[in-house]
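Chemist: Take this structure, written in structure tokens, and hold onto it; I'll ask about it next.
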Amino acid sequence: MSPREIFALRNYLGAELKGRTLSDAHHSVSLTDVLSQTVRGGRLGELSGRSVLLKLSDQLKSGLAMIELDGIARRMLLCPPDLNPAHLDALIADAEIDAVVTDEPEFWKDSAIPFVVIAQLPLTPAAPAETERATEWLMLTSGTSGVPKIAAHTLEALTGAIRAEAPARGPAPVWATFYDIRRYGGLQIFLRGVLSGGSMVLSDPHEVLADHIARLNARGVSHISGTPSHWRKLLMSGSAAQFAPRYVRLSGEIADQAVLDGLKAAFPDSSIGHAYASTEAGVGFAVNDGLEGFPADYIGVNASGVEMKIVDGSLRIRSERIAHAYIGRDVTKLADDDGFVDTGDMIELRGDRYHFVGRRGGIINIGGLKVHPEEIEAVINRHPDVRMSRAKSRKSPITGGIVVTDVILADGTDPARANEIREQILDQCRAQLASHKVPAVIRFVETLDVTPAGKLARTDA
Amino acid sequence: MSVRLKVTEAIKQIAKEQHVTLPELTDGLSLHETGFDSLAFAILVARLEDELGVDPFTISEDAAFPATVGDFVRAYENVPA
């Protein structure tokens with residue numbers, strides 16, 4: 001393949017599209033003339049063909065570094081902000097890292113990595129670079145303790161779902177996400193921002209939600225994505241009333257009917273969709289009919305070449321969007337012999353739709369019976385006074401385990417009604433769940449922990 | 001409220017939730033005759049742990065599970081605070 005045919009991010013950035021920006025809470029960088037500027041002081045040439053660790057303290061410099069390095073480096077490994085520093089050496093060895101781009105040079109001064117390149121703002125002028133190769137994008141899998149696995153993608157695979165969609169009508173979108181762009185879900189939105197010809201507004205972990213929403217409004221954000229936990233947090237905050245995006249997207253966790261209905265009520269004029277994606281399996285599909293789950297006829301091969309099947313209750317996906325391998329020494333195979341990725345997400349057919357019931361690894365044991373906490377939460381969340389809930393198992397001397405739940409009530413619920421609501425939740429659970437799945441204890445709480453990846457924390461799962 | 005009263009109130013509440021018709025709760029009534037299944041007992045023990053701060057059946061390795069309502073109540077009454 002000649003370099004001309006290689007697909008790189010710089011192909012989507014040109015001086016002809018005016019007014020494009022990439023911004024965070026502190027800076028705004030023009031994407032219109034980003035190709036004639038550099039975040040790393042003219043040392044891009046030295047990174048050609050290298051395996052580069054992107055270890056930056058913020059998303060803005062990370063995004064700019066991705067734009068510059070794509071098509072130049074052999075590989076780039078994206079580090080999410082909550083990466084445990086104790087895992088760095090293993091990841092550096094596994095990914096054969098021989099250069100690091102950082103804004104904390106002190107940290108690297110005694111390291112064995114031959115090239116340490118400092119990234120800084122403001123950008124400085126540089127000659128536009130030419131695409132040399134298809135860079136391998138390395139992403140860390142989330143959700144496991146121990147050293148995360150490294151999943152390898154190409155830009156082509158990462159952007160397969162974006163290129164398959166018709167371009168948005170009307171003005172170029174301004175994208176935002178509650179995610180960090182150094183994880184799969186956030187990276188999808190960053191890439192949408194670049195490929196769509198529009199702008200992108202980054203999140204900031206130190207910003208309170210009301211300020212974040214004010215900033216999204218000030219920047220004219222029209223398209224925004226987050227996990228159901230992110231969205232529930234917004235619905236609870238009272239800040240949603242000031243915000244009117246054109247498109248609201250959920251991914252990363254099960255989007256239950258309660259959160260979809262809550263968003264529809266808060267944003268009556270928006271289109272609301274939930275998408276299924278994972279770091280390994282790539283983007284599977286999007287659902288835009290406002291209902292939880294997905295139509296049964298999605299199983300099989302769809303128009304954009306994504307193939308799905310169910311084996312032993314879990315969703316398996318094969319497509320050109322899946323990661324092509326795990327990178328490192330002791331790695332397992334990412335896909336089976338037929339090229340299908342086992343997502344570990346368990347699904348169940350109810351009527352003419354499939355519903356997600358939970359993660360295979362998240363099953364809790366209740367008296368010898370297997371229970372998905374998500375299934376119980378979905379029933380509890382249907383109560384109109386409930387905003388969010390978490391089910392977990394608690395040891396019991398009688399049955400080995402029982403279901404206990406923590407519940408956050410919707411804003412403005414009278415605390416005096418707690419007992420009445422508890423009874424109603426129990427009635428609802430008894431009507432819709434097998435008896436061992438009905439919570440033994442319902443506790444009302446003010447907050448529930450959400451992981452840095454935006455997912456409900458399930459430390460006991 | 002005495003420990004005994006708290007325990008019997010919790011039994012009645014769970015019986016209502018589980019649609020169990022309780023016979024009169026006398027000390028001599030065997031737990032089997034209450035109509036509670038093991039799940040109902042598990043719920044009872046968890047609720048009482050939240051309310052009283054103790055689970056007498058987990059604290060002591062060799063504690064035999066009580067046979068009667070009276071034994072059950074005494075297991076809670078006899079836990080050192």
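Chemist: Taking A:Gly198 as the residue in question, decide whether it is crowded, with 21+ Cβ neighbours inside 10 Å and more than 19 Å from A:Asp411 (Cα to Cα). Steps first, answer last, please.
Modeler: Numbers: crowded, with 21+ Cβ neighbours inside 10 Å: yes; more than 19 Å from A:Asp411 (Cα to Cα): yes.
So A:Gly198 fits the description; yes.
Here's the yes/no breakdown for (1) within 10 Å of chain A (Cβ to nearest Cβ); (2) at pLDDT 90 or above:
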| site | (1), (2) |
| --- | --- |
| B:Leu29 | no, yes |
| B:His32 | no, no |
| B:Gly35 | no, yes |
| B:Leu39 | yes, no |
| B:Val45 | yes, yes |
| B:Val54 | no, no |
| B:Phe57 | yes, no |
| B:Phe65 | yes, no |
| B:Thr68 | no, yes |
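Chemist: Residue by residue through region A:49-106, note down the ones that are in a loop (DSSP other than H, G, I, E, B) and open to solvent by 40 Å² or more (accessible area, probe 1.4 Å). Show your work before the answer.
Modeler: First, pick out the residues of region A:49-106 that are in a loop (DSSP other than H, G, I, E, B): A:49-50, A:56-58, A:70-74, A:79-84, A:95-98, A:103-104.
Of everything in region A:49-106, those that are in a loop (DSSP other than H, G, I, E, B) and open to solvent by 40 Å² or more (accessible area, probe 1.4 Å) turn out to be A:Arg50, A:Ser57, A:Arg74, A:Pro81, A:Asp82, A:Asn84, A:Glu96, A:Asp98, A:Glu104.
Chemist: Here is a follow-up. Kindly check whether there is at least one residue in region A:395-410 that is within 14 Å of chain B (Cβ to nearest Cβ), free of Cβ contacts under 8 Å to residues at least 24 places away in the same chain and assigned to a helix (DSSP H, G or I).
Modeler: Within region A:395-410 (the criterion being within 14 Å of chain B (Cβ to nearest Cβ), free of Cβ contacts under 8 Å to residues at least 24 places away in the same chain and assigned to a helix (DSSP H, G or I)), the answer is no, since none of the residues qualifies.
Chemist: Further question on the same structure: Kindly list, by first and then second residue, each pair from a residue in region A:106-129 that is aromatic (Phe, Trp, Tyr) to a residue that is assigned to a loop (DSSP other than H, G, I, E, B) and modelled with pLDDT of 85 or more, limited to pairs with Cβ atoms under 8 Å and residues at least 6 apart or on different chains.
Modeler: Listed pairs, sorted by first residue: A:Phe115/A:Arg50; A:Phe115/A:Asp98.
Chemist: Scan region A:291-312 and give yes if some residue there is in contact with an Asp or Glu (Cβ under 8 Å, 6 or more places away or on another chain), at positive phi and surrounded by fewer than 24 Cβ atoms within 10 Å (Cβ to Cβ), otherwise no.
Modeler: The answer is yes; a qualifying residue exists.
Chemist: Then there's this: Between residues in region A:214-238 that are closer than 18 Å to A:Asp204 by Cβ and surrounded by fewer than 21 Cβ atoms within 10 Å (Cβ to Cβ) and residues that are at pLDDT 95 or above and of a type in the set (Lys, Arg), which pairs lie under 6 Å by C-beta distance while being six or more apart or on different chains?
Modeler: Between residues of region A:214-238 that are closer than 18 Å to A:Asp204 by Cβ and surrounded by fewer than 21 Cβ atoms within 10 Å (Cβ to Cβ) and residues that are at pLDDT 95 or above and of a type in the set (Lys, Arg), there is no close pair.
Chemist: A further question follows. For region A:108-115, state whether one or more residues are under 23 Å from the mean Cα position of the chain (by Cα) and open to solvent by 30 Å² or more (accessible area, probe 1.4 Å). Explain how you work it out, then say what you get.
Modeler: Of all residues in region A:108-115, those under 23 Å from the mean Cα position of the chain (by Cα) come to none.
No.
Chemist: Only one of these is within 13 Å of the chain's Cα centre (by Cα), among the aliphatic types (A, V, I, L, M) and more than 22 Å from A:Thr405 (Cα to Cα): B:Leu25, B:Leu52, B:Leu48. Name it. Reasoning before the result, please.
Modeler: Values: B:Leu52 fails: more than 22 Å from A:Thr405 (Cα to Cα); B:Leu48 fails: more than 22 Å from A:Thr405 (Cα to Cα).
After applying the criteria, what remains is B:Leu25.
Chemist: With (1) within 14 Å of another protein chain (Cβ to nearest Cβ); (2) out of contact with any Phe, Trp or Tyr (no Cβ under 7 Å at 6 or more places or on another chain); (3) surrounded by fewer than 20 Cβ atoms within 10 Å (Cβ to Cβ) as the list, and A:Gly344 as the residue in question, which single condition is left unmet?
Modeler: Unmet for A:Gly344, out of (1) within 14 Å of another protein chain (Cβ to nearest Cβ); (2) out of contact with any Phe, Trp or Tyr (no Cβ under 7 Å at 6 or more places or on another chain); (3) surrounded by fewer than 20 Cβ atoms within 10 Å (Cβ to Cβ): (1).
Chemist: I need the full set of residues from region A:250-264 which are open to solvent by less than 20 Å² (accessible area, probe 1.4 Å) and farther than 18 Å from A:Thr413 by Cα, in order please. Break it down into steps so the answer makes sense when it comes.
Modeler: So the first thing to find is which residues in region A:250-264 are open to solvent by less than 20 Å² (accessible area, probe 1.4 Å), and the list is A:250-251, A:255-256, A:259-260, A:262-263.
Scanning region A:250-264 gives A:Leu250, A:Ser251, A:Ala255, A:Asp256, A:Leu260, A:Leu263.
Chemist: Of the residues A:Ala176, A:Ala151, which single one is of a type in the set (Gly, Ala, Ser) and within 17 Å of A:Lys61 (Cα to Cα)?
Modeler: Numbers: A:Ala151 fails: within 17 Å of A:Lys61 (Cα to Cα).
Exactly one of A:Ala176, A:Ala151 is of a type in the set (Gly, Ala, Ser) and within 17 Å of A:Lys61 (Cα to Cα), namely A:Ala176.
Chemist: Just for region B:10-36: of the residues that are among the charged types (D, E, K, R) and assigned to a loop (DSSP other than H, G, I, E, B), which one is surrounded by the most Cβ atoms within 10 Å (Cβ to Cβ)? Break it down into steps so the answer makes sense when it comes.
Modeler: Taking region B:10-36 and keeping what is among the charged types (D, E, K, R), we get B:12, B:16-17, B:24, B:27, B:33.
Those still in the list that are assigned to a loop (DSSP other than H, G, I, E, B) too: B:24, B:27.
Numbers: B:Glu24: 6, B:Asp27: 12.
So, considering only residues that are among the charged types (D, E, K, R) and assigned to a loop (DSSP other than H, G, I, E, B), the one surrounded by the most Cβ atoms within 10 Å (Cβ to Cβ) is B:Asp27.
Chemist: Here is a list of conditions, (1) without any contact (Cβ under 8 Å) to a residue 12 or more places away in the chain; (2) surrounded by fewer than 14 Cβ atoms within 10 Å (Cβ to Cβ), and B:Arg74 meets all of them except one; can you say which number that is?
Modeler: B:Arg74 satisfies every listed condition except (2).
Chemist: Quick check, is A:Ile254 assigned to a loop (DSSP other than H, G, I, E, B) and either touching a Gly at 6+ places or on another chain (Cβ under 6 Å) or closer than 18 Å to A:Tyr179 by Cα (or both)? Write out each step before concluding.
Modeler: On the way: assigned to a loop (DSSP other than H, G, I, E, B): yes; either touching a Gly at 6+ places or on another chain (Cβ under 6 Å) or closer than 18 Å to A:Tyr179 by Cα (or both): yes.
The answer is yes for A:Ile254.
Chemist: Step by step: first the residues of region A:1-12, then only those that are open to solvent by less than 40 Å² (accessible area, probe 1.4 Å) and modelled with pLDDT of 90 or more, then the one that is farthest from A:Trp175 (Cα to Cα). Which residue is that?
Modeler: As a first pass, look at region A:1-12 and keep what is open to solvent by less than 40 Å² (accessible area, probe 1.4 Å): A:6, A:8-10.
Add one more test, that the residue is modelled with pLDDT of 90 or more, and what stays is A:8-10.
Details: A:Ala8: 20, A:Leu9: 17, A:Arg10: 18 Å.
Checked region A:1-12; the qualifying residue farthest from A:Trp175 (Cα to Cα) is A:Ala8.
Quick grid of which residues meet (1) at pLDDT 95 or above; (2) out of contact with any helix residue (DSSP H, G or I) (no Cβ under 9 Å at 6 or more places or on another chain):
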{"position": "A:Asp33", "(1), (2)": "no, yes"}
{"position": "A:Arg43", "(1), (2)": "no, yes"}
{"position": "A:Glu46", "(1), (2)": "no, yes"}
{"position": "A:Leu77", "(1), (2)": "yes, no"}
{"position": "A:Leu83", "(1), (2)": "no, no"}
{"position": "A:Pro105", "(1), (2)": "no, yes"}
{"position": "A:Ala112", "(1), (2)": "no, no"}
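Chemist: Hey, A:Gly361 hits all of (1) within 13 Å of chain B (Cβ to nearest Cβ); (2) part of a helix (DSSP H, G or I); (3) open to solvent by 30 Å² or more (accessible area, probe 1.4 Å) but one; which does it fall short on?
Modeler: Failed condition: (1).
Chemist: Now for a separate question. What's the total number of residues in region A:422-447 that are more than 14 Å from chain B (Cβ to nearest Cβ) and open to solvent by less than 20 Å² (accessible area, probe 1.4 Å)?
Modeler: Final tally of qualifying residues: 0.
Chemist: Moving on to the next point. Based on what the data block shows, is A:Pro384 farther than 30 Å from A:Tyr184 by Cα, part of a loop (DSSP other than H, G, I, E, B) and within 12 Å of chain B (Cβ to nearest Cβ)?
Modeler: Answer is no for this residue.
Chemist: Restricting to region A:144-174, count the residues that are closer than 28 Å to A:Arg133 by Cα and outside any loop (DSSP other than H, G, I, E, B). So that I can check it myself, show each step before the final result.
Modeler: Applying the first criterion (closer than 28 Å to A:Arg133 by Cα) to region A:144-174 yields A:148-167.
If we keep only those that are outside any loop (DSSP other than H, G, I, E, B) as well, we get A:150-158, A:160-164.
The total comes to 14.
Chemist: Can you tell me which of (1) buried (at least 17 other Cβ atoms within 10 Å of the Cβ); (2) within 14 Å of chain B (Cβ to nearest Cβ); (3) not charged (D, E, K, R) is the one A:Leu369 doesn't meet?
Modeler: Status for A:Leu369: all satisfied but (1).
The values are calculated or read from the model by the stated rules, or taken from the named source; none is laboratory data. This is a predicted model, so every value here is computed, not measured. Cβ sites come from the backbone with ideal geometry, for glycine too, and all protein chains shown count toward neighbours. Protein only, heavy atoms only, side chains kept; ligands, DNA and RNA dropped before computing areas. Shrake-Rupley method; radii C 1.70, N 1.55, O 1.52, S 1.80 Å.
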